[in-house]
Amino acid sequence: MSFLELLLVAVGLSMDAFAVAVCRGLEMRRIDYRQALLIAVFFGGFQALMPVVGYLLGAGFERYISAFDHWIAFALLAFIGGKMIWEAVRGGEEEQPQELDLKMLLMMAVATSIDALAVGITFAFLRMDILSSALTIGATTFLISFGGVAAGNRFGARYKQKAEIVGGVVLVLIGVKILLEHLGVIAF
């Protein structure tokens, strides 16, 4: 996987965190940079940690499933991306604003980074350098989350749905590319 592809995965994974960050920004009368930084640190930190955990889990099973690991990578990325698209299109009730506290922030960070766990499993099958991958994902999510708070405060929820759809499509397309490469249909 090239750095550009990794960056696209990182952006796709960060869309849930971006959506939550936008919502947090909407709740602020004026942007609170301390809160924005705290949100970005939690979201970026968990997005960096979860692929490592997934990688360690996946590496333990790799020798048993190497013959069909590309199908697993495809299925995981297609599922995650499809879920993101479905949730964005389906919509739902907007949650009521809540006061930001560390317990709630921790729950939001874990909830928005579960997809990164599955991607970490995929990275084990692809034998990727997990440390640089996790740092790229974490840093990307940090920046996008911080920007999400600012954007939410400035522009509102106008782009939330579109961002989630784009993130989902990117993950699905990368899954398709991995599958096609391993089947010998395309070579990159």
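What stretch of the chain, leaving out the sites themselves, is the longest with no GluC sites (Glu not before Pro) in a DSSP loop having at most 14 other Cβ atoms within 10 Å?
Longest site-free region, per DSSP loop and neighbour criteria: 1-92.
May I ask you to give the percent of accessible area on the chain that is carbon plus sulfur, with a probe radius of 1.4 Å? Mind dumping the intermediate values first?
Details: 6800 of 10120 Å².
Using a 1.4 Å probe with all protein chains present, the chain comes out at 67 percent carbon and sulfur.
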Test item: Cα-centred dipole of the chain, Lys/Arg +1 and Asp/Glu -1 on Cβ, debye: 340
Over the chain, what is the relative contact order in whole percent, taking alpha-carbon pairs under 8 Å and six or more residues apart? 51
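What is the Å³ per residue value for the convex hull set by the Cα atoms of the range 10-79?
Values: hull volume 5.8 nm³, N = 70.
Spread over its residues, the Cα hull of the range 10-79 gives 82 Å³ apiece.
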Taking only protein heavy atoms into account and a 1.4 Å probe, give the accessible area per residue of the chain in Å². 54
With x for Gly and Pro, the residue-by-residue ³J(HN,Hα) of the range 120-132, computed from phi through the Karplus equation 6.51 cos²θ - 1.76 cosθ + 1.60 at θ = phi - 60° and given in whole Hz, is x, 4, 4, 4, 5, 5, 8, 6, 7, 6, 6, 5, 5
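The values are calculated or read from the model by the stated rules, or taken from the named source; none is laboratory data. The shown structure was predicted, so the numbers you read here are calculated from the model rather than taken from an experiment. As a convention, Cβ positions derive from the backbone with ideal geometry for all residues, glycine included, and neighbour counts pool all protein chains shown. Calculation scope for accessible area: heavy atoms of the full protein, side chains included, ligands and nucleic acids excluded. Shrake-Rupley method; radii C 1.70, N 1.55, O 1.52, S 1.80 Å.
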